[in-house]
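Bear in mind that the values in this text are calculations on the coordinates, not laboratory data. As the structure is a computational prediction, the values presented were derived from the model and not from experiment. So basically every Cβ, Gly included, is an ideal-geometry build from the backbone, and we count neighbours across all protein chains shown.
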Amino acid sequence: MLLRRALDALYWASAAFAALCLFGIFLVMMAQVVLRQFGIPFPGADDLTAFLCVGAAFFALGYTFRRGELIRVGLLLDRLKAGPRRVMEALVLTVAAGLVAYILFWTAHDVIFSYEIEDRAQGSVPFLLWVPKLAMPLGAGVLLIAVLDELAAVLRGQKPAYVQAAEERAARGDFSGEV
């Protein structure tokens, strides 16, 4: 129970950070609009906006996955009976965990390399690039935890949270997430 609350808090905090990144994009854009009226440039605004976009995308992954909001193709899985479906679901989640771990490894490697060589942005403001790049392995790490969390649930014979969320939406008549 404590672990479940901690994991849900992690997913929520990551999503909240993604929302802060989106709000940061809004603030940068509004600042540009206001400053432009006075002929004042906003150095680095484009780079800052791009960095915040990456943060918004990566930090939202774990929470979005758990809520069943990521694109999921269930053409085969949805047609299987409970036993074979659980086996395939576990297999798919295992492959997903491997792919996300691969992404995590290489994005973390890129952050470390950028830190070691003191890589800087080439724009008007020489931001240290390891700082915004950190969003990628952190977000991928939360997604990996979420995928492993769902894999553990499937292996225990439980229904994945993303399936439960999709079923709850369908029960309410909300088919907006279905393709």
>> Based on DSSP loop calls and a cut-off of at most 12 other Cβ atoms within 10 Å, the longest stretch of the chain free of exposed GluC sites (Glu not before Pro) is what?
In response: 1-117
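For the chain, with only Lys/Arg (+1) and Asp/Glu (-1) charged at the beta-carbon, what is the dipole magnitude about the Cα centre, in debye rounded to 20?
680
Between Phe175 and Leu22, take the C-beta separation as r, use R0 = 22 Å, and let me know the FRET efficiency to the nearest 0.05.
0.30
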> So how much slack lies between Ala31 and Tyr102, counting 0.36 nm per residue of separation and subtracting their Cα-Cα distance, in nm?
Replying inline: 21.8 nm
> Can you give the helix-only mean residue ellipticity at 222 nm for the chain, where every DSSP H stretch with n ≥ 4 adds -39500 (n - 2.57) and the sum goes over all residues, rounded to the nearest 500 deg cm²/dmol?
Replying inline: -24500 deg cm²/dmol
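Based on the Cα coordinates of the range 1-60, what is the per residue volume of their convex hull in Å³? The partial results should precede the final answer.
Details: hull volume 3.5 nm³, N = 60.
Taking the convex hull of the Cα positions in the range 1-60, it is 59 Å³ per residue.
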>> Just want the answer: with Cβ charges of +1 for Lys and Arg and -1 for Asp and Glu, which residue in Ala90, Thr64, Val131 is farthest toward the dipole's positive end in the chain?
In response: Ala90
>> Taking the 0 to 90 degree range and rounding to the nearest ten, how far is the long axis of helix 2-37 tilted relative to the main principal axis of the chain, both from C-alpha atoms?
In response: 30
